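Inspection log for the structure reproduced underneath, given as structure tokens.
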Amino acid sequence: MNSAHTLAFIGGGNMAGAILGGLLRAGQVQAADVLVVEPYAPQRDKLRADFGVEALAAGDASLARAGTVIWAVKPQLFTAAAEPLQAWLGGALHLSVMAGIPSASLVRLTGSERVVRSMPNTPALVGKGMTGLYARPAVSADERAAVERLLKPTGQTLWVDREDDLDAVTALSGSGPAYFFFFVEAMMAAAVDMGLTAEQGRRLALATCGGAAALGLASPESPTTLRERVTSKGGTTHAAITSLQGDGVDAAIRRAVRAAQHRAAELGKEFG
């Protein structure tokens, strides 16, 4: 590892690639500044080819030169990945994009109190993500700002004051893209039922949902007001909303999100 390296990734999968690619495209880092530790040889080759970064099968003492370490391994592999590296990680700021690993576990296995936990989601892969962030007290305001800069190419960020609130973030935005695609699948099936093709249904559903999200983000009005504007009494939208309410879909969604929050808390206890 060259002494110029200032940023290290432990794990080089999709989320690491999204962050790294965004940083390189934005000119925030140079390839020579980055080291990735990735044990899977084909993925190392892909990282080198796509980004021109140094990718190693295992970390070594040169990791001590990195000012920031980003943890992007699967949660169940964190302990095995961290234990061999402990001696070289105590001086760094640590940013975790792993679900379920409590910050106390990162402190214990890295020796650094400067830990930020994040909960990204898959739209980060196209620069449209939403990432929840929690910082331990030892993280300075400047380091919080540095984390925001690191994640800016992936989309938006939101800080929470309590680590437990990341379970709610996980349930809402971390798992949220799956809820959205579940809804789109149902809309596509309805399109086929009505005589359209699955591809026509896909295009109509995705474009409509994407446009509605863009309108919601751009408008100062609440989602309730925006919904009511489309819902004329006795009209087609009113018929659909009445059907959804009759089936208890709104309550079912709330139960589903709370189930995700509960499972996120369970995973934190398991991994912690």
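The values are calculated or read from the model by the stated rules, or taken from the named source; none is laboratory data. Keep in mind that this is a model prediction, so the values were computed, not measured. Here the Cβ positions follow ideal geometry from the backbone for every residue, glycine too, while neighbour counts run over all protein chains shown.
Below is a table of values for the structure above.
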| item | result |
| --- | --- |
| Odd one out for GLY216 among (1) over 20 Å from ARG254 (Cβ atoms); (2) under 22 Å from the mean Cα position of the chain (by Cα) | (1) |
| Some residue of region 100-108 being in the same structural domain as LEU35 (by TED's automatic domain parsing) and in contact with a Pro (Cβ under 8 Å, 6 or more places away or on another chain) | yes |
| Close pairs (8 angstrom Cβ cut-off, 6 or more residues apart or separate chains): farther than 19 Å from LEU106 by Cβ and in contact (Cβ under 8 Å) with a residue 24 or more places away in the chain in region 145-165, assigned to a strand (DSSP E or B) and hydroxyl-bearing (Ser, Thr, Tyr) anywhere | THR154/THR131; GLY155/THR131; GLN156/THR131; LEU158/THR131 |
| Filtered residues of region 51-66 (kept if within 15 Å of ALA16 (Cα to Cα) and either crowded, with 16+ Cβ neighbours inside 10 Å or out of contact with any helix residue (DSSP H, G or I) (no Cβ under 7 Å at 6 or more places or on another chain) (or both)) | PHE51, VAL53, GLU54, ALA55, LEU56 |
| Close pairs (6 angstrom Cβ cut-off, 6 or more residues apart or separate chains): under 12 Å from ALA168 (Cα atoms) and not assigned by TED's automatic domain parsing to the domain that holds ALA104 in region 255-272, part of a helix (DSSP H, G or I) and not acidic (Asp, Glu) anywhere | VAL257/ALA171; ALA260/ALA171; GLN261/ALA168; GLN261/ALA171; ALA264/THR170 |
| In region 134-144, the residues that are of a type in the set (A, V, I, L, M) and either surrounded by fewer than 17 Cβ atoms within 10 Å (Cβ to Cβ) or out of contact with any Lys or Arg (no Cβ under 7 Å at 6 or more places or on another chain) (or both) | ALA138, ALA141 |
| Tally of residues being at pLDDT 95 or above and surrounded by fewer than 21 Cβ atoms within 10 Å (Cβ to Cβ) across region 112-122 | 2 |
| Hits in region 39-65 - residues which are under 23 Å from the mean Cα position of the chain (by Cα) and under 12 Å from ALA8 (Cα atoms) | VAL53, ALA55 |
